[in-house]
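*Asks:* After the structure tokens below, expect a handful of questions from me.
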Amino acid sequence: RTLRATATQSGTTTAFDGQAALATGTNVDIAGSLTPVEAGYRLALDRAELVQGQLSARLARPTVLQVAGSSVSLDAVRFDVGSASITATGSAGEALDIVLEISALPLSIANTVSPDLGLSGTLNGRA
């Protein structure tokens, strides 16, 4: 329903900051910068947050994604989801080399999308 965004350029780097309030009741808040690099770009995320009712996912700390050609490298992208966390590190392209760690993720999150599931408990794992 509402979107507010700004972008400023300094040299080859574009800094951005944006907030959105969606009709679904979801609020999004993101900030970072985009810089071209050889064969791609570097996306630095300073802030990323998604909130819907009691459910929230927040970027735990600033991070960097680097895209070169068809390959994406992740620098420990960690989201805190309530008291849980999801962290992805590695790269994806022609080959997938990503480590995904999930710690104490409440399964009830799925109930916000499909209330009939009635899930409870937590999920821990590493893939």
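Rule-based calculations on the coordinates, nothing more; no lab input. All values reported here derive from a predicted model rather than from experimental measurement. All Cβ positions, even for glycine, are placed from backbone atoms using ideal geometry, and neighbour counts span all protein chains on display.
*Asks:* In whole Hz, with x marking every Gly and Pro, tabulate ³J(HN,Hα) for segment 30-37 from phi via Karplus 6.51 cos²θ - 1.76 cosθ + 1.60, θ = phi - 60°.
*Replies:* Coupling constants for segment 30-37: 9, 8, x, 8, 10, 10, x, 10 Hz.
*Asks:* Mind checking which of A20, S71, A127 is farthest towards the positive end of the chain's charge dipole, using Cβ charges of +1 (Lys, Arg) and -1 (Asp, Glu) about the Cα centre?
*Replies:* Positive-most Cα among the choices belongs to A20.
*Asks:* Let's test the formula: R0 of 35 Å, r as the Cβ-Cβ distance of T6 and S71. What FRET efficiency results, to the nearest 0.05?
*Replies:* 0.70
*Asks:* Here's a follow-up. In nm, to one decimal, how far is the V28 label point from the S108 one, both placed 7 Å along Cα→Cβ?
*Replies:* 2.7 nm
*Asks:* While we're here: For V37 and S120, compute 0.36 nm times the residue count separating them, minus their Cα-Cα distance, and round to one decimal in nm.
*Replies:* That works out to 25.5 nm of additional length.
*Asks:* Sticking with this structure for a sec: Taking 0.36 nm per residue of sequence separation and subtracting the Cα-Cα distance, how much length would be gained by fully extending the chain between E49 and L100, in nm to one decimal?
*Replies:* 16.4 nm
*Asks:* Which GluC sites (Glu not before Pro) in segment 45-102 sit in a loop by DSSP (not H, G, I, E or B) and have at most 12 other Cβ atoms within 10 Å of their own Cβ?
*Replies:* Those satisfying the criteria are E94.
*Asks:* List the residues, sorted by chain then number, that are 5 or more residues from A60 or on another chain and whose placed amide H is less than 5 Å from its amide H.
*Replies:* Sorted by chain and number, the residues that satisfy this are R78, F79, D80.
*Asks:* Which of T87, T26, T63 ends up with the largest GNM mean-square fluctuation for the chain, with Cα atoms connected below 10 Å?
*Replies:* T26
*Asks:* Lys and Arg at +1, Asp and Glu at -1: add these up for the other residues within a Cβ distance under 15 Å of A20 and post the number.
*Replies:* Overall, the nearby charge balance is 0.
*Asks:* For the chain, place one equal point scatterer on every Cα, skip the solvent, and apply the Debye formula. What is log10 of I(q)/I(0) at q = 0.11, 0.13, 0.19 Å⁻¹?
*Replies:* For the chain at q = 0.11, 0.13, 0.19 Å⁻¹, log10 I(q)/I(0) is -0.49, -0.67, -1.18.
*Asks:* Among L3, G32, V81, which residue has its Cα positioned farthest towards the positive end of the charge dipole of segment 1-101, with +1 placed on the Cβ of Lys and Arg, -1 on the Cβ of Asp and Glu, and the dipole taken about the Cα centre?
*Replies:* L3
*Asks:* Dipole size in debye (nearest 20) for segment 55-127 around its Cα centre, Lys and Arg Cβ +1, Asp and Glu Cβ -1?
*Replies:* Roughly 220 debye, rounded to the nearest 20.
*Asks:* Suppose every Lys and Arg Cβ carries +1 and every Asp and Glu Cβ carries -1, with no other charges. What dipole size does segment 1-77 come out with about its Cα centre, to the nearest 20 debye?
*Replies:* It comes to approximately 180 debye.
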